[in-house]
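The block underneath contains the structure these notes are about, expressed in structure tokens.
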Amino acid sequence: MIIFAKFYQNYFQNILIPAQYKMLEILIMLLQFHKTVTIEKLSSVFPQPIKFESRRRSIQRFLLLPQLSIQYLWFPVLKRWVKNSHIRADKKLIFAIDRTQWRSQNVFVISLIEQKRAIPVYWILLPKRGCSNLGE
């Protein structure tokens, strides 16, 4: 069963060790099947013959791997998408900078605009609540 595109498979196999890659495959399958993102739910259905609490800690440690950061995962995908898209040499790339409120957090987002769609390029949670000025 192919869980994600071949590019992702090749990329993940290059940056993760085989055990980490297998865990990623299992987590993606569980997410697709159970459609939940809570660590507790994933831990309860994760097929590993250890105690629930150990599975939960194992998933938490896995999700904190530096290879699963934005820079390692999203930037190469975005770079490939921009290179392979139908962007002509005379066409300009348009980026939008936005600050939005998500629950009680300020999120600063830089997005690439393509065909009236905003594709997030980078985002960061701002350390304060409320509006931000250009300097911040």
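No lab work stands behind these numbers, since they all come straight from the coordinates. For clarity, every value in this text was computed on a predicted model and none was experimentally measured. Every residue, glycine as well, gets a Cβ built from its backbone with ideal geometry; the counts of neighbours run over all protein chains shown.
Quick look at the numbers
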quantity	calculated
Sequence-separation-based contact order of the chain, relative, with Cα cut under 8 Å and 6+ spacing, percent	12 percent
Members of Lys92/Lys116; Lys22/Lys83; Lys79/Lys128; Lys6/Lys79 lying beyond 19 Å, as alpha-carbon distances in this model show	Lys22/Lys83; Lys79/Lys128
Helix 70-84 vs. the chain, principal-axis angle (Cα, 0 to 90°, nearest 10)	60 degrees
Sites Glu53 and Lys6, calculated FRET efficiency, Cβ-Cβ separation with R0 35 Å, nearest 0.05	0.45
Karplus-derived 3J(HN,Hα), 6.51/-1.76/1.60, for each residue of the range 58-64, Hz, glycine and proline x	5, 5, 4, 4, 4, 5, 8
Partner lysines for Lys51 [C-alpha distance under 16 Å; skip if fewer than 8 residues away on the same chain]	Lys41
Helix 6-15 vs. the chain, principal-axis angle (Cα, 0 to 90°, nearest 10)	70 degrees
Label-point gap, in nm, between Leu73 and Arg103 - each point 7 angstrom along Cα→Cβ	1.7 nm
Label selected from (1) 18.4, 58; (2) 15.8, 47; (3) 14.4, 43, the criterion being Rg and Dmax of the Cα atoms in Å as computed here	(1)
Using a Förster distance of 35 Å, the FRET efficiency for Glu25-Ile110 (Cβ separation, nearest 0.05)	0.70
GNM top mover of Gln115, Gln101, Gln20 - the chain, alpha-carbon springs below 10 Å	Gln115
